[in-house]
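These notes are about the structure you will find just below.
Bear in mind these aren't lab numbers, they're just calculated from the coordinates by the rules spelled out. Worth saying up front: this structure is predicted, and the values here are computed from it rather than measured. Quick reminder, even Gly has a Cβ in these numbers, built from the backbone with ideal geometry, and neighbours come from all protein chains shown.
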Amino acid sequence: MATLLLRRRLRLRRRRGCRRLILALAIVAAFTFFVPLDPSVKPAASLSASSFFRHSGRASLRPPPLSNSSLHSSSPLPNSSTSDVVVGSSDDKKVVVRPLTKKKKEERPYWLLPPDEALMYAKREIENAPLVIDDPDLYAPIYRNVSVFKRSYELMEKILKVYIYSDGKRPIFHTPELQGIYASEGWFMKLMEESKVFVAKDPRKAHLFYLPYSSRQLKEALYVPGSHNLRPLAIYLKDYVNNLASKYPFWNRTKGADHFLVACHDWGPYTTKFHDELCKNTIKALCNADTSEGIFVRGQDVSLPETTIKFPKKPLRYVGGKKHLSERIFLAFYAGNMHGRVRPILQKYWGDRDDDMKIYRRLPNRISRNMSYVEHMKSSKFCICPMGYEVNSPRIVEAIYAECVPVIIADNFVLPLMKC
């Protein structure tokens, strides 16, 4: 009889132990899903009830919420220095419940990222660019880091979006000039406005904002010949930017730091002087990249190649020297106006004094009848590019076109497209 009673007590105790264990597990499971395990422990599973069932798609089956007081009274959770939680009484087996580890957040495709996040993604990709061993389209020695350049260029074509303001009256705005020595700004405007890759119709998706004005057209429209007064040009551009800032939120958001302009006329830098944010913050792509005047900001602004275009329908007509080094009969060549402080000195010491050094004020008719300016460049090993009133010169690009070595004589000049 005593043995039978002892067996019944053992069975009852086992059942109670199982019930306590099941209850403890149920409480901890509910506790894990609905409230954090500990102020210092925030597992990924501690979602709100609504978000948990919204993700599981079974919101209609949500159980009634459990209060914190009932949880603590029925199964107190001891404070622990670790993230493990121990439940159960002293006469039961201890159950160690570990919080669920956070799953790594899946990255969204770059084309779905907000502009700021897309730029951070691009930065990470560029910093971890795959090594370029051999690319037939890239000549590695001319790049500081060919692998970084290639990855950066690829990401630019995939990610970069530019919003172009539609504001501004023609011809100062939205009227590209495609011919002459200042054609670089016009061709940039034309190609950008026609682009289906870079242009964003929605400004909220843009990384950069383009101010589509022409410094050449601004000069033609507002400058009074002989006045030497650039104030009307600078005031006009200042009023334009102030109008954009009052009409749209984008300028004020960054004080113009994500806006840019392209100006190839010698006076381009001075047209920004009357607006502090435009002059100091905006990215300026300038042909006149002179650091001594306090306008061009090294490391922020871009030195734009000044490219002479004589035939807009055939802009690449004069590209290529097509002459071997042995066929280049002149050591060096220059012909042009003698303004500025460098060119007269060049003429004084080398003009008409050396058969190998062809230095002219302007190419005389008696010579140009037999050999044109372009042919002189293509027949020279070196093409001299001295500064005039300003540091920039279209001869740099002309020399590259003719495949002679450009010899640049200018102080404080950031070379075109130079990374600085």
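Which ones in segment 371-420 are in a helix (DSSP H, G or I) and under 31 Å from the mean Cα position of the chain (by Cα)? Break it down into steps so the answer makes sense when it comes.
Kept after step one, since they are in a helix (DSSP H, G or I), are these residues of segment 371-420: 373-378, 395-402.
Arg395, Ile396, Val397, Glu398, Ala399, Ile400, Tyr401 - these are the residues of segment 371-420 that are in a helix (DSSP H, G or I) and under 31 Å from the mean Cα position of the chain (by Cα).
Please enumerate the residues belonging to segment 354-370 that are within 25 Å of Ser326 (Cβ to Cβ) and over 44 Å from the mean Cα position of the chain (by Cα). Break it down stepwise before answering.
In the first step, residues of segment 354-370 are kept if they are within 25 Å of Ser326 (Cβ to Cβ); the result is 354-360, 363, 367-368, 370.
Within segment 354-370, Asp354, Asp355, Asp356, Ile367, Ser368, Asn370 qualify.
Among what's in segment 177-210 and is of a type in the set (Val, Ile, Thr) and out of contact with any strand residue (DSSP E or B) (no Cβ under 8 Å at 6 or more places or on another chain), pick the residue that is surrounded by the fewest Cβ atoms within 10 Å (Cβ to Cβ). Steps first, answer last, please.
Within segment 177-210, the first condition is being of a type in the set (Val, Ile, Thr), and the residues that meet it are 181, 197, 199.
Imposing the further condition that a residue be out of contact with any strand residue (DSSP E or B) (no Cβ under 8 Å at 6 or more places or on another chain) reduces the set to 181, 197.
Numbers: Ile181: 21, Val197: 10.
In this case the residue turns out to be Val197.
Here's the yes/no breakdown for (1) farther than 19 Å from Lys419 by Cβ; (2) not in a helix (DSSP H, G or I):
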{"site": "Lys123", "(1), (2)": "no, no"}
{"site": "Asp134", "(1), (2)": "yes, yes"}
{"site": "Pro141", "(1), (2)": "no, no"}
{"site": "Arg144", "(1), (2)": "no, yes"}
{"site": "Ser147", "(1), (2)": "no, no"}
{"site": "Lys158", "(1), (2)": "yes, no"}
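Do we find a residue being closer than 24 Å to Cys264 by Cβ, over 18 Å from the mean Cα position of the chain (by Cα), basic (Lys, Arg) and part of a loop (DSSP other than H, G, I, E, B) anywhere in segment 164-173?
Yes - at least one qualifying residue is present in segment 164-173.
Among what's in segment 242-295 and is surrounded by 21 or more Cβ atoms within 10 Å (Cβ to Cβ) and of a type in the set (Val, Ile, Thr), pick the residue that is nearest to Pro305 (Cα to Cα).
Filtering segment 242-295 for residues that are surrounded by 21 or more Cβ atoms within 10 Å (Cβ to Cβ) and of a type in the set (Val, Ile, Thr), the one nearest to Pro305 (Cα to Cα) comes out as Val262.
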